[in-house]
Amino acid sequence: MRPRHTPPHPWHPLTDAEYEALLPYLPPPGRRGRPPANRRRTLDAIFWIACSREPWRALPPHLGRADTAHRQLRRWARAGVLDRLLLAVSGKDPTAPAILRRLEYRVCRAWRRAARLMGVGSLSFARRLGLLTALPCDPRWLPDPILSEIARSLANRLLENAGAAPLAAFRDCRRLLAAAGGSPRRFRLK
């Protein structure tokens, strides 16, 4: 799929149909930890923060406590729920209901808020889906695990043949490794 930015839109509460479409992607309540009292309100709070780009302390009181919504976002990020939601809204999952496409911006922004909790694998996943709105920076600044493996094997071969390899090859290999690792100043991981 061609990389694309999702056009922003203002926040509004989830409709009944949108909430029902999201439920199959959320873990069943009652698993580890205390579930939120009102999952729909918690989702609305997460999406409000994601769409408004405000700090958590700015969450309106009618959407619940900010720490509850933030904790739930962290749990879902670590459990892979946000990755499943991202796949569903991307259009690459044929079993996902069409109504989820309307939630693409909100899910991408929520995923972006939690990106540093999910690691390089999830960043690569979002990059492969082509959802640029979900990424914390331009894709060229992100690590490329496949390129990193190629560069590492090339560096090992050069080190094995150190006597025959010119110094310029080592410099090129070092540049390739640096490019494969991305630019940590442009994005942050935990």
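Picking from R84, R71, R2, which residue would you name as being out of contact with any helix residue (DSSP H, G or I) (no Cβ under 7 Å at 6 or more places or on another chain), closer than 28 Å to G130 by Cβ and surrounded by fewer than 21 Cβ atoms within 10 Å (Cβ to Cβ)?
Every option except R2 fails the conditions.
Quick grid of which residues meet (1) more than 28 Å from R128 (Cα to Cα); (2) of a type outside the set (G, A, S):
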| residue | (1), (2) |
| --- | --- |
| E18 | no, yes |
| L26 | no, yes |
| A37 | yes, no |
| L59 | yes, yes |
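Consider L59 against the criteria (1) without any contact (Cβ under 8 Å) to a residue 24 or more places away in the chain; (2) farther than 16 Å from A114 by Cβ: it satisfies all of them except one. Which criterion is unmet?
(2)
For segment 44-67, which positions are farther than 19 Å from P10 by Cα and either among the small types (G, A, S) or modelled with pLDDT under 90 (or both)?
Residues satisfying the conditions are G64, A66.
For segment 96-124, enumerate the residues that are among the hydrophobic types (A, V, I, L, M, F, W, C), surrounded by 19 or more Cβ atoms within 10 Å (Cβ to Cβ) and over 26 Å from H12 (Cα atoms).
Once the filter is applied, which keeps residues that are among the hydrophobic types (A, V, I, L, M, F, W, C), surrounded by 19 or more Cβ atoms within 10 Å (Cβ to Cβ) and over 26 Å from H12 (Cα atoms), segment 96-124 yields M118, L123.
The values are calculated or read from the model by the stated rules, or taken from the named source; none is laboratory data. Keep in mind it's a predicted model, so treat the numbers as computed, not measured. We place every Cβ from the backbone using ideal geometry, glycine too, and count neighbours over all the protein chains shown.
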